[in-house]
Structures are given as structure tokens and as C-alpha cells.
1. Scan region 517-547 residue by residue and report those that are closer than 30 Å to ALA412 by Cβ and part of a strand (DSSP E or B).
2. What's the total number of residues in region 114-153 that are open to solvent by 50 Å² or more (accessible area, probe 1.4 Å) and touching a Ser or Thr at 6+ places or on another chain (Cβ under 9 Å)?
3. Between residues in region 519-547 that are over 23 Å from ILE448 (Cβ atoms) and residues that are hydroxyl-bearing (Ser, Thr, Tyr) and open to solvent by less than 50 Å² (accessible area, probe 1.4 Å), which pairs lie under 7 Å by C-beta distance while being six or more apart or on different chains?
4. Residues in region 299-310: is at least one more than 20 Å from the chain's Cα centre (by Cα), over 16 Å from HIS430 (Cβ atoms) and outside any loop (DSSP other than H, G, I, E, B)?
5. Could you grab me the full set of residues in region 54-102 that are over 26 Å from VAL139 (Cβ atoms), in contact (Cβ under 8 Å) with a residue 12 or more places away in the chain and among the charged types (D, E, K, R)?
6. It is to be established whether one or more residues within region 245-252 are open to solvent by 40 Å² or more (accessible area, probe 1.4 Å) and outside any helix (DSSP H, G or I).
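The values are calculated or read from the model by the stated rules, or taken from the named source; none is laboratory data. All of these numbers come straight from a predicted model, not from anything done at the bench. Virtual Cβ from ideal backbone geometry, glycine too; neighbours counted across all protein chains shown. Only protein heavy atoms, including side chains, enter the accessible area calculation; ligands, DNA and RNA are left aside. Shrake-Rupley method; radii C 1.70, N 1.55, O 1.52, S 1.80 Å.
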Amino acid sequence: MKVLKFGGTSVGSVEGLTSVKNIAESAQEAEIIVVSAFSGVTESLLRGASAASEGDIAFRSFYDEICRRHEEMMSSLFGESSRRERVSGQVHLLLDELKSLYEGVYALRVIPKKTGDQIASMGERLSSLIIAELIEGAVRHDSLNFIKTIEVSGRTLLNSSLTEKMVRNEFADANGISIVPGFIATDSVTGDITTLGRGGSDYTASIIAAALDAGSLEIWTDVDGFMTADPRIVKDSCIIDEISFAEAMELCHFGAKVIYAPALYPVLPKEIPMYIKNTFNPSVSGTVVRRTTRKSKTVTGLASIGNMCLLTLSAPSMVGIVGVDSRLFGALKSRNISVFLVTQSSSETGISVGITADAIEKARVAVDEEFASEISSGVMNPSIVEKDLSTVAVVGPELKMSKGVAAKLFTALSECGIGILACAQGSSEHNISMVIGKENLHKALNVIHKSFFHSEYRELNLFVCGIGTVGGRLLEQISGQREVLMKEKSLKLNVVGISNSTLKLLDSDGIDLSTYRERMTQEGVSVDTAGLRDGIIGMSLPNGIFV
């Protein structure tokens, strides 16, 4: 048996659902398919609830849009057939329940937790009904009957032992295709509907796979797998074919949105392989996540957090101040503020923590309140906040034991004029993290990626302004000598920008110098000084030279 999970984008369109149907029906073994809500539906559900709690009748527009979305999907998939009639009755029962919940929130002007979870659960409950009807021979199993949670210190946690027992009972006689709504559960004490957190459908699938000792877990999404870097920033990033659980956790922690990080934990002890695959490109093998891997690369991939801040607590010396660390983290914990990076000076004069930008002000107030007496007496300084920062994480197997990684990393950044504000490695063998200015993020990711994944050549990216007699001759020389320089000097010259007095042509992939004049005529856009400057800076390419 294997478990498959299809995310919101996979089930958010007729094209996606058709692919889901084909993938499911082509299986040669029993499978359990966990599905998310149609893309965007959960967000609409929550925005509708928020509007209702504020007394805004716009919640009815959100409700109408949710109804329309599911009606259109059923019409596209089933037309006016008996299947449409059969599933439509069940869908409308849930939509009627949703309407009552919204009206109740509107009347009370508040969203009780129980009601909020009921509203949030509707997306998966609705989508699973429609998908179970779409896939031939599929049987729907309701997660509310066997995924159980427990309330601990105000947090909703999985009741692991009870859930494992109930999952095994639920699927003891299951054959063929089973459809399961992800994300949703019920409290094991009260029976109230609860949820597993945003991204919880991955978690649902992992819980079921672990409980049933499945042969594999497949996470189907809208990307080809884990990538060596964010492809939106690094154009030549590539698929990581194999990655360890530890490395996957690090990449997820630092911003890779491929899977929901908690989904890794249930299958890890069982050593169940997890496959990341693309619903819209199923022929690609994707990424397999295992306990250990056989690959030999020093660096597996890069991840980043684009908008973060550093909060620094300092004193002339913290040697005589007991419990600074525990008080600092306790103050942050009391406000539910997460820390994703910690660095401390060896002289014990300061400790810095990385915090997301939306939580930094709350964090600053909490820390200053905790150390108010020490600050007022001058023993400690008020906390310092540095904003507009980004974190880049370099992830790989046993980085701590790999020689030369840090040197290569810092040299690459230094040569591009990028300063490092903080660095952390600590006990992790899989991660070196650096804090840099947010404006340098794109350039840093590109130069680090080239250093570790495309290091056969040293590259220079040229912007040539003026292509008359002198400029034109320069381009001829570059074109004529490019191959020789690559072969004899391991130097690769890329002309990525060309401009004359009226037109500019920018292409980060490089401009073919045998046809650049034709491209200038066909694709060039009008040029001005500010536009040329912003275009060059916006490309964020390393080792840039303006001629």
C-alpha cells in the first residue's frame, strides 16, 4: 500500500483534477489519497469568517464565491449527470452548514475557536466529496473519525497513540482507492472539529503512512521536487534527486515551501521514503527523501528567508548575569514568537536572534520588559533591532566535517561585495546560515549557487553601453575569444546587457553576440539612465562589470 497527497494547486482546476484522476486510476496497488481544499478556498473561508466577526456583510460575498467555485467545478467535471446530482446534495449540506456558521459569527461579532476550526475544515470536506465521486471506484473515509488531537497548554497536538490505533482500524479492510480529506481532525476528549495547521494535509498523509507502515508516501504538488535554490531567484537551479530527512528539515525551516515540515516526523522513524512529485509533470522522477542518501555532493541546496530582523541583547559582560539565555527565550515564548537563528559572541557580551519582520516589534517589547530592571540600572543595554535583512542557509550532509565549504562560501560573497552581519552553524551538521542585507539576497543566492553547483568556470557578467566603432569592436573580440578563455583560463564572459543611445537589451541568460544587432532592433526597449541603472541592478548578477 502507498499513500499519496495532492495539494491545493493539484486539485484546484479541472486540468489538475484530471491529472489526479489519471495518476490514481493507473496505480497497481491499493492506495490512500489525501486531498487538500481547492486552491484558495481555505483563504476565502478564513477571510469570510474575519469579515463576519467585524460585522462586515462582505462575508456573504466570500460565501457566494465559495459556492460558485464548487458549483463550477462540479459542472465542469460531471455536467448534468446522475453523478453530479449525487455529489451535489452532499456538497450543499456542507455549504448550508457553512452559511449558518458565518451568520452565527456575524451575530456574535467573534470567532470562537471551535467555530473557527469548523469553518476552516470546510475546504477539505468539500473537495474530498467531489474527488471521491470523480475517481472510479474510490471510497471516501472521513478524517474526523480517525485523526485525533489533544489540547496541551492551549496548543492542539496530535494524539499519536489513539490516532495510530484508529487509522489501522479504519483501513484494515481497505482495498482499491481510498479518498481522505487532509488537514482536519477531532478532539479526542470533546469530539469538536480541530485542524492540524496550514499545510496540515501533508501531515495527515504522513500520519496515515506511518500508522499503516506504507511502502511509500508521495507528495504531489506543483513543483518538480526540492530544488537546489528558489527557481524564481536562481534561474539555473535544478532538481535535487535525493535528499536526507535531516537536510529536508533544514531546507523547510529556512523557507523551502515544498512540504509542510512536521510531515517529515511521522515517517522518519519508520524509514518510509517520501517522494515529491509534480501533478502537472508526472513523468519527472522528482525528489526522494530518505533517512540517508548515497550522494556525494558537499552542498545539497540553498534556502532563504527574505524579510527578517535581528534582535540583539547586549551588555558590557553577561558573565555575572545568570539565566540570560533562558529569560530571553522565555520572554519570546510567552508571546508565541519563534526564533529561527541564534548567534552569540564568545566574549558573552551579546546574543542575537533572527525573527520574522512581522513579529519583531512584539519581540523587542517583550525582551525589554523582561530585562527592564537591568536596563534601567545600566547593567544591560536596551535591545537593538536591525531590519531589512535576509537569511541564506547553505544545506548539505555533514557540513561541519567538510573542509573548505565556509571559505568558499565567504570568498564568493566577499568578491561580490556582500557583507555578512551574522553567521550561525552551531551543533547542526547540515546547515550554515548567514544574515545579509535584504537588498543583496538575489545576488547572494546566485553567486553561492554558481560557486557550488556550476563552478567549472569563473564567470563575469558584462553590461556594454555604447556599441559604435569601439563598443562594436569590443563585442567582436569577446565573441572571438570566448571559447579560448573558457578552455585555457576557465573564464566565461557573459554579455548580459547591451545599450546604445536609444535602445537597451537585457538578458540574464546571456546575449548571442552573432545576432545581437537583430535582437536590439526586434526586442530592444527605449533607454534612459535611470531605467538602465535599475534594470542592471535588478538582475542581481554576481561579478558584474559595466563597460
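1. Passing the criteria: GLY544, ILE545, PHE546.
2. Final tally of qualifying residues: 6.
3. Close Cβ pairs satisfying both conditions: VAL527/SER499; LEU532/SER499.
4. yes
5. Listed by number, the residues that qualify are GLU54, ARG60, GLU65, LYS99.
6. no
Residues checked against (1) free of Cβ contacts under 8 Å to residues at least 24 places away in the same chain; (2) within 23 Å of LEU157 (Cα to Cα); (3) open to solvent by less than 30 Å² (accessible area, probe 1.4 Å):
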position: TRP220; (1), (2), (3): no, no, yes
position: PHE226; (1), (2), (3): no, no, yes
position: PRO231; (1), (2), (3): yes, no, no
position: SER237; (1), (2), (3): no, no, yes
position: ILE243; (1), (2), (3): no, no, yes
position: LYS257; (1), (2), (3): yes, yes, no
position: PRO262; (1), (2), (3): no, yes, no
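Table: residues versus (1) crowded, with 17+ Cβ neighbours inside 10 Å; (2) at pLDDT 90 or above; (3) over 30 Å from GLY396 (Cα atoms).
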site	(1), (2), (3)
GLY419	no, yes, no
SER451	yes, no, no
ILE467	yes, yes, yes
GLN481	no, yes, yes
LEU491	no, no, no
ASP509	no, no, no
MET520	yes, yes, yes
